[in-house]
1. Restricting to the stretch 192-213, and then to whatever is at pLDDT 90 or above and within 18 Å of the chain's Cα centre (by Cα), can you tell me which residue is farthest from Pro275 (Cα to Cα)?
2. Looking at Val395 and the list (1) over 27 Å from the mean Cα position of the chain (by Cα); (2) not in a helix (DSSP H, G or I), which single condition is not satisfied?
3. Quick check on my filter: what residues within the stretch 493-551 are open to solvent by 20 Å² or more (accessible area, probe 1.4 Å), touching a residue at least 40 places away in the same chain (Cβ under 8 Å) and touching a helix residue (DSSP H, G or I) at 6+ places or on another chain (Cβ under 6 Å)?
4. Only one residue in Leu122, Leu108 is open to solvent by 30 Å² or more (accessible area, probe 1.4 Å), in contact with a Phe, Trp or Tyr (Cβ under 9 Å, 6 or more places away or on another chain), touching a residue at least 12 places away in the same chain (Cβ under 8 Å) and under 19 Å from Asp46 (Cα atoms), so which one is that?
5. Need the failing condition index for Ala153 against (1) assigned to a helix (DSSP H, G or I); (2) modelled with pLDDT under 80; (3) more than 30 Å from Ser237 (Cα to Cα), just the number.
6. Please pick out the residue among Thr400, Thr420 that is open to solvent by less than 20 Å² (accessible area, probe 1.4 Å), in a loop (DSSP other than H, G, I, E, B) and not hydrophobic (A, V, I, L, M, F, W, C).
7. Please go through the stretch 210-231 and give me each residue that is in a helix (DSSP H, G or I) and open to solvent by less than 10 Å² (accessible area, probe 1.4 Å), ordered by number.
8. So how many residues does the stretch 352-392 have that are at pLDDT below 90, among the small types (Gly, Ala, Ser) and either under 26 Å from the mean Cα position of the chain (by Cα) or within 20 Å of Asp288 (Cα to Cα) (or both)?
Amino acid sequence: MKDLLLQTAKRTGLVDTEQLARFLDENRGQGRLDEVLLTCPYFTEDVVLRLFAEALGWEYLAEISDRQVPPEFIQNVPATYAQHHHLIGLKPQEGDGDGLMVVLSRPLDTNALDNVSKMTRLPVRPAVSTRATITAVIDTAYEQRTSVIEEVAEELDAQNLDQLAGEVSASDDLLDVVNRPPVIRLVNDILFRALQMRASDIHVHPYETKLQIRYRVDGILYDMLSLNKNVLPLIISRIKVMAGMDIAERRMPQDGRSSVRLGQREVDLRVSTVPTSFGERCVLRILDKSSGVYGLDELGLWPDDLKKLDSLLNRAHGVIFVTGPTGSGKSTSLYAYLNRINSAEKNVITIEDPIEYQLAGISQIQVASKKGMTFATSLRHVLRQDPDVIMVGEVRDVETARMAIQSSLTGHLVFSTLHTNDAAGAVTRLLDLGVEPYLVSSSLIAIIAQRLVRKVCPDCKQPAQPTAKELNELGLGAPDDNPGAQFFVGAGCERCFKTGYRGRTGIYEVMLITEKIQELIYKQETAGTIKRLALEAGMQTLRMDGARKVLAGMTTVAEVLRVTQADI
């Protein structure tokens, strides 16, 4: 083989023949020839594989599409085997006859070739490609495998719970469905479909006669699957095993967490079960670690709001509240703010319930109310840790509110969240909790209200003219008042699962606390009065910001009207 490679190098000029000969002599007996050569510092992986392809008369593939991978390969060769050996099977090209083309990143791995032939019961023909190319195809090809749900649901009718008791690995790979018990394949497939659709939550909802699986995608719940009611205990027990919960306890609510893999992606699951009249109901919250933390400029802030916010993040002290209902992206925004501030010169500490993402260089504290570690007690201890910036996950009571505000008065920048409808409402909420008006007026520097709107799918967006009523509700006047404005809607395509929307962006109401607003807070004026003054100072309400994004073609009129209330 060595002589053949040297002759090929001389014939093709792919690598320096003398350098190759010298390297092979120096590393004689170090291992299999392809593995040795691929560690060579003088030649790239690409060049070495081209050399082997020329020498052996095989095809070298610079690019591979996941559409070339046949179902027989995915059904018979486990994803873990393909990943471990860095190989993938492709349909033969026209004129190449039957069988399978197996693309290797280690050309002399003949055992793997034989094993693939045995697993698929097909003759195989080898080809080569780089490890990175093959790995990328493995992940996408196994993600697009046909669903196993229907066939598994039938098998499950005959199963019993004893088969569930097997140990679950700490991080189960959802792509690995070969030779798994039916219930494991079913739950893996439910999770896998949810990740494929970018769902944030999975609801396992029992009814009197059926079991409904629902996914929350871009904030909206969709019914995805109806199953036989008999499989409910099996599915719930499997999820409980994964999340480390007690499978025998069915009459009390339980919480747990788990971690699964989808190829190279690591995904955290938060699991909650509650007993209902028709059996246990389960909700899984999906936290995709690979999506990471958003940057400040990725949140969808309008340029002038972004500029305002950037200047606020450089303040040395004060309180910034982010407000909105559950699921409006408050935590995501707070993480983006902290990420922007995070620097070696600042000590940043967060108090959260739960910690959703790990931020490098930041100390994050998990609240444990059962052990007496509440937001208020945690905050008291954090103040002794010499912090510069503190993030309190949520203000739920007067003690936490008062401490957060007093922390800012002693020279700390404090971030927190409140559940209110708009920015001005946060002021009255703090006063209603029992915080003194002078504390609120002297410490608050900004309140940011936010909502999430679905973005028009870029693949199927098409121009559309909204009705005069919709434009009027959005504050844009008659259609003639907006010359040149282009409104878009999504027609619905495969990429957006026929919804016409793909992904979400934020709409924001950034209220800076000016001296005049401080006076109104001190006098305990109503939220309406405070909002009017903020509007005079140039604040854009949630609906106004939504209107800007409609005119920019990012979202639709209906979507903005869905998530915002009428402005005063």
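1. By that ranking, first place goes to Ala199.
2. So the condition that Val395 fails would be (1).
3. Gln518, Tyr522, Gln524, Ala527
4. Every option except Leu108 fails the conditions.
5. (3)
6. None of the other options fit; the residue is Thr420.
7. Val231, the sole residue that qualifies.
8. Going through the stretch 352-392 one residue at a time, the tally reaches 3.
The values are calculated or read from the model by the stated rules, or taken from the named source; none is laboratory data. Quick caveat: nothing in here was measured; it's all calculated off a predicted structure. Glycine gets a Cβ as well: all are built from the backbone with ideal geometry, and neighbour counts include every protein chain shown. Surface accessibility is based on the protein's heavy atoms, side chains included, excluding ligands, DNA and RNA. Shrake-Rupley method; radii C 1.70, N 1.55, O 1.52, S 1.80 Å.
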